[in-house]
Structures are given as C-alpha cells and as structure tokens.
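> Input: one structure, supplied below.
The values are calculated or read from the model by the stated rules, or taken from the named source; none is laboratory data. Owing to the predicted nature of the structure, the values given are computational and were not obtained by experimental measurement. Backbone-built Cβ (ideal geometry, glycine too); neighbour counts: all protein chains shown.
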Amino acid sequence: MHRHQKGNVPSPEELVARVTDLFSDACYEEIREIMVEQAKLLEAQHTEGILAFTKWAQSFERILVRKPGKRFHVDAWFASGVAADLGTVVPLSRTLIPFYLGEWAYFLPPQPRLKGNGSRLIYGISFPGSDVLNDVHLLQYPWLYHEATHHLLDRVDPQDFEPVRMALATVLRKERGRTPSSSPEVRSIVTDRLNRYERFWSPDIAIDNWTIEIVADVISLWTCGPAFLGAFRDEMENAGNRPFEAHETHPPFSLRAALLIEVGEVLGWDEYLRSLRHVVRQWKHERPEASAHNDYAAMTGGDLPTVVLKTALTLCRNLQLPRCTMESIEGLRQWIAIPQSADSAFQLIVGSWLKEHDQPDTFASWETSSLELLQRELTR
Ligand SMILES: [Zn+2]
C-alpha cells in the first residue's frame, strides 16, 4: 500500500520539469524562477510537501493562461502601470499577473508557502472576458485601480486602519451596553445584527470586508477621478437589481454610491456626479421600503462610514498616491484627438473616459485603434 502510494508521488526533479513547462512562456520568466527555486527546495522523502506542491501546480494549470494571447500582454502592461502608480511609498509586487476568470478580482492563487519564499508570492488580477483583444473595454479599466488597491492594502501598515477599529469598537460597546430586550426574538435579532456589523466593518486586511471595499473605491476615485465614477455607474447599472442588499464581502451598492458621491464632492468632481446621484435617487424611489428597512439602516448608518472615508483620504495622502485632477483631465484633451502611443496606463484609461465623454461617436474606433497600436508596440 505504502509502496503503491509512493509510486504516484513525483520526484522533485519531475516537479521542477513540470513547473518549468507550466511557466515556459517568456512573460512568466520571473515567476518561473520563483517556482523552480521552490520546487528545488523539496526533498524526495517529504511526500506531504511534494503532494501539496503537485496540488498547487494542478490548480495553476487550470487557471493560468498558458500561451498568452494579444490581450494578455496589453493587460500585463496595464497591471504593471497601475501597480507603479499605486506603489509610490509601498511597492507593489512585480508578479501581479493577468488571469481570465470571468470578472474583476484581485486574488492570491493557491501556492505553497515554503520556508524562505516569504514575499515571493504570485498575485493575480482577474480581468473580465477572455484573452482576446476584442474583450478589452477600456471604460471598465478604472476597476483595475480598485483591484490593484486590494493588493496595496494587503501591504500597508495595519495601524493605518486604527481610526476605523476604534470607531467600530465604540459603536459595538455602546450597542452591546444597551439594556437587552425582554423578548428573546428581539435579543437574538439584535445580537445577530451586531455580530454581522462587526464582521462586515472590521478592517481586517486578510478577509474581504466593507471597510476595505470602500477604501478601494475611494482610492480609485482619487487616482482616476470621473473615469472611475463612470465605470462604477456602469457596474451599478449591471448589478442594480439588489442595491440595498448587505453581503459579507461587499457593501450594498447604494451605500458605496452614496459614499462615492460624498468623496466626489470633496475632491471637486461635483459636475460628474449627476448620473450617479440620479441612479441612487431612482433606487430609493423604486424601493422606498428597502432603503428604510431596519436592517439596512442599522448596517450602513451612523458615523462609521464617514470615519472610513476619512481614513481612506488620509491613506491617499500618506501613500502619496497620484491624484487625478481637473488639470490632469485637461492635459489629456490634446492627446485623445487621434489614437497614438500611450505613455502610461493612466493616460489610456482616463483618456478613454474623456474620449467617450467628449466624442462618443468616434470612441469605438479610437479604442480599437489605440489597443491595436499598444499591442503592436508591446510585441515589437
Ligand atoms: Zn473590491
């Protein structure tokens, strides 16, 4: 029995060969080095470690783009550009690679944590659509800033979230200190609600939570300005069937929108907030009962959201994140006249928004030509 099991366990050399093959494309050079190095650390006697590594390789084989197509290179360029923008003070990983898993997401692909590999992990950004140039919709790309911000927030000092932690503790202390209701049903509803409140708002970086989502929205607005407002509104319209629903990982869209409007006013984007305001008003009009529902009000009300916004803006300043201003938008007006080489991810992402805003009729052909040009330049 034991011998038979042993026969299914690859040798460390076989694993090195498998990993080398998996990451054979030139674009994975850095990752290949990391993984080969890790595979070499495995010892033939350590069956458990080898099996864990094999499992990891299998999961990567399922999701990795093995033979990167035209879009992959474009997205890798975008990802590294956005990472550079966000990494002024806290550098982002150089192994932030594109995956195509159906929707926007930041994730840490499953991987072995061996001794000594410390920070050398592979991080993924999932882009919507598949690895074909036609699936790139530049008006959605401000979401890349949001996803890359998740990576940034993984790396910031957890102390930066102390104001949120303190405000949360105050709310919980006060609410839990109230005289309990004599009805067991009411008591159980209140207890459950407070537990959820704590879990949703705790700025624990290791798990998805409302605080982190809102901070990521604010940072995207700070760095992309009205381009993020546009991408957010489009997403809201797509996901608009349940704007008041509270999920563990993401705050309700109605709350996110209301907070973006609040920060947007502070950052001087008043005139670009109109359509977002319109959608929020419409939601409330269509579902007056949902927005006034006890649970919704309890989960989203109070001062905590404002503390989260302030914390987010402080982070933008402390991390010296580049801020999109009216001047940066003006600076792009000339550039969008004709499709031409892009100097930065920011230029192409925010420039796309401006092109669509100023010249909607020519946007589609401009977008196609801009992407083809970029792709040719990247593979030349
Ligand atoms: Zn997010």
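> Does Leu64 satisfy being within 16 Å of the ligand (Cβ to nearest atom) and closer than 30 Å to Glu13 by Cβ?
no
> Kindly establish whether Val82 is within 16 Å of the ligand (Cβ to nearest atom) and either under 14 Å from the mean Cα position of the chain (by Cα) or modelled with pLDDT of 95 or more (or both).
Yes, satisfied.
> State all residues of segment 211-244 that are more than 16 Å from the ligand (Cβ to nearest atom) and over 16 Å from Leu267 (Cα atoms); if no residue qualifies, say none.
Arg233, Glu237, Gly240, Asn241, Arg242, Pro243, Phe244
> Select from segment 297-329 the residues that are surrounded by 13 or more Cβ atoms within 10 Å (Cβ to Cβ), in a loop (DSSP other than H, G, I, E, B) and of a type in the set (S, T, N, Q) and list them in ascending order.
The one that is surrounded by 13 or more Cβ atoms within 10 Å (Cβ to Cβ), in a loop (DSSP other than H, G, I, E, B) and of a type in the set (S, T, N, Q): Thr325.
> Could I ask something else about it? Output the residues belonging to segment 91-101 that are assigned to a loop (DSSP other than H, G, I, E, B) and away from the ligand (no atom under 15 Å from the Cβ).
Pro91, Leu92, Ser93, Arg94, Thr95, Tyr100
> What's the number of the only condition in (1) touching a helix residue (DSSP H, G or I) at 6+ places or on another chain (Cβ under 7 Å); (2) more than 16 Å from the ligand (Cβ to nearest atom); (3) within 27 Å of Thr300 (Cα to Cα) that Ile122 fails to meet?
Here Ile122 clears every test but (3).
> Follow-up question, since we're still on this one. Considering each of Glu147, Glu162 in turn, give the residue that is in contact with a strand residue (DSSP E or B) (Cβ under 8 Å, 6 or more places away or on another chain), closer than 27 Å to Tyr106 by Cα and not basic (Lys, Arg).
Glu147
> How many residues, within segment 129-158, are touching a helix residue (DSSP H, G or I) at 6+ places or on another chain (Cβ under 7 Å), of a type outside the set (A, V, I, L, M) and not in a helix (DSSP H, G or I)?
3
> Continuing with this model, one more query. Looking at segment 44-59, is at least one residue of a type in the set (Lys, Arg) and surrounded by 14 or more Cβ atoms within 10 Å (Cβ to Cβ)?
Among the residues of segment 44-59, not one is of a type in the set (Lys, Arg) and surrounded by 14 or more Cβ atoms within 10 Å (Cβ to Cβ), which makes the answer no.
> Also, quick follow-up: Considering segment 235-292 alone, what residues qualify as being exposed (fewer than 15 other Cβ atoms within 10 Å of the Cβ), among the hydrophobic types (A, V, I, L, M, F, W, C) and in contact with a helix residue (DSSP H, G or I) (Cβ under 7 Å, 6 or more places away or on another chain)?
Scanning segment 235-292 gives a single hit, Ala239.
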